[in-house]
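Let me begin by presenting the structure, written as structure tokens, before commenting on it.
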Amino acid sequence: MNEDPHVQLMLRFQSGEQSAFKQLFEAYKIPLLNFIYRYCQDYRVAEELSQEVFLRVYKTVSSYRPDAKFSTWIYRIATNICLNEIRTGKYKYEINNACFDSGSEIKEFQAVDSRTYTGVDEGIVQKERHKEVRSAIKKLPDKQRMALLFSVYDQLSYKEIGHRLGCSEGAVKSIIHRAKITIRDIFLKKGNKQDK
Amino acid sequence: MNRECKKHRKNLVAYMDRELPRKRLIQIDEHLQGCALCQKELEELRMPVAALLEWESIVPSAGYDRVFWEKVEGLKAGQKNRKEKSFSKQFRLCFKPKFALVTSAALAALIFLITFFELKPLNNEPSQSEILFVQDFDLLYNLEIIENREALENFEVINFLDILEQEVNG
Ligand SMILES: [Zn+2]
């Protein structure tokens, strides 16, 4: 029997207990929202897509089988939604044209600034660096981007990332290594351009 | 870049993530101490990852939960509608010309069954007529086969089995 408490909640929801679904929603809404936000970098799209993930859970409850950890299952849904909706679906245009200076972005930078403020120049440099890293992340190929996000923010093992992305442990290791080199290269190229 | 640098650079990401055998880690440590170029290379790899960690988490907007539960309600209503639509679609399908024969046959069979078998009340309580006049249940249990129920029904009180048998056998 699968002893993952979230799997147990999902099974309770499957047998009709609506409050179990509410608990799962509360447990995963912020992590999922952040994962999707870091992937697409658009606050509104991230909110809509994270809700879409839960709606997918709701719709497929009758066919749910507790084969894996619940987190693995729900993140797999999330990665599929991101890949389908953002890369090819209705959000493609919005994401490609999203501006970095959206309201949420500015608010977030302000939060970072007030927390780590060490002087005007330092603040500006740091702000600029954050902006560059995010821009670089956005340029990573989909799988590299997702794998890197799972590795950095959730500190998952290669094996678990593999389960979420549907690839082998070895493949994940190589994807993450490549992601770190790619992001460094994008970063350096930008830096060199600015120096000139 | 000399040969030593080339050899270690391809392992710098694995070194950064401490994913190499101990012996290799020590070799790279030693090389880094004397090589400013490889140190810079390592720093360039580390910096974007470190900057990623400074990326603060966001929280959902004020209306996030409300909008979501409204979507759930919409989904529930949609599911209910679909079920009803699917039932009425199947019902209408029964009256389409190509299924008319099957539907008529099914209806005829149903009417036949209703007319030939008396409809029993839904509860399993025996009706007064079913109780008959059998007061001595021991007696009833002793009869293996009651072939002529009418004969049984004619008895108001069954006192002795042999009387019953005589009546049944004429
Ligand atoms: Zn070197």
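Suppose each label sits 7 Å from its Cα in the direction of the beta carbon; what would the A:I181-B:A106 distance come out to in nanometres?
6.6
Are any of the pairs A:K127/A:K189; A:K139/B:K7; A:K22/A:K143; A:K173/B:K40; A:K180/B:K10; A:K159/B:K40 more than 20 Å apart by Cα-Cα distance, and if so, which?
A:K139/B:K7; A:K22/A:K143; A:K173/B:K40; A:K159/B:K40
For the range A:62-79, list residues with backbone N below 13 Å from a point placed 7 Å from the Cα of A:S168 toward its Cβ?
No residues fall inside that zone.
If you take every residue apart from B:S104 with its C-beta less than 13 Å away from the C-beta of B:S104, what net charge results, scoring Lys and Arg +1 and Asp and Glu -1?
+2
Grab the other residues whose beta carbon is less than 15 angstrom from that of B:C38, score K and R as +1, D and E as -1, and report the net.
+3
Give me P(r) over the range B:64-119, computed from all C-alpha to C-alpha distances, binned every 10 Å, as integer percentages.
20, 23, 23, 16, 12, 6, 0
Quote the FRET efficiency, to the nearest 0.05, computed for A:S62 versus B:F117 with a Förster distance R0 of 45 Å and r equal to the Cβ-Cβ distance. Mind showing how you got there, number by number?
Details: r = 38 Å, r/R0 = 0.84.
Computed FRET efficiency for A:S62 and B:F117 comes out at 0.75.
For the range B:3-53, rounded, prolate or oblate, judged on the Cα gyration tensor with a ≥ b ≥ c (square roots of eigenvalues), a/c < 1.5 rounded, else prolate if a/b > b/c?
Oblate, since a/c reaches 1.5 and b/c is not below a/b.
Starting from the Cα gyration tensor of the range A:118-196, take the square roots of the eigenvalues, sort them a ≥ b ≥ c, and report rounded, prolate or oblate (rounded when a/c is under 1.5, otherwise prolate if a/b is larger than b/c, else oblate).
Note, shape of the range A:118-196 comes out prolate.
Every read-out reported here was derived from the displayed coordinates using simple, explicitly stated rules and does not represent laboratory data. These numbers come from a predicted model, not from an experiment. Using ideal geometry, Cβ is built from the backbone for each residue, glycine included, and neighbour counts are taken over all protein chains shown.
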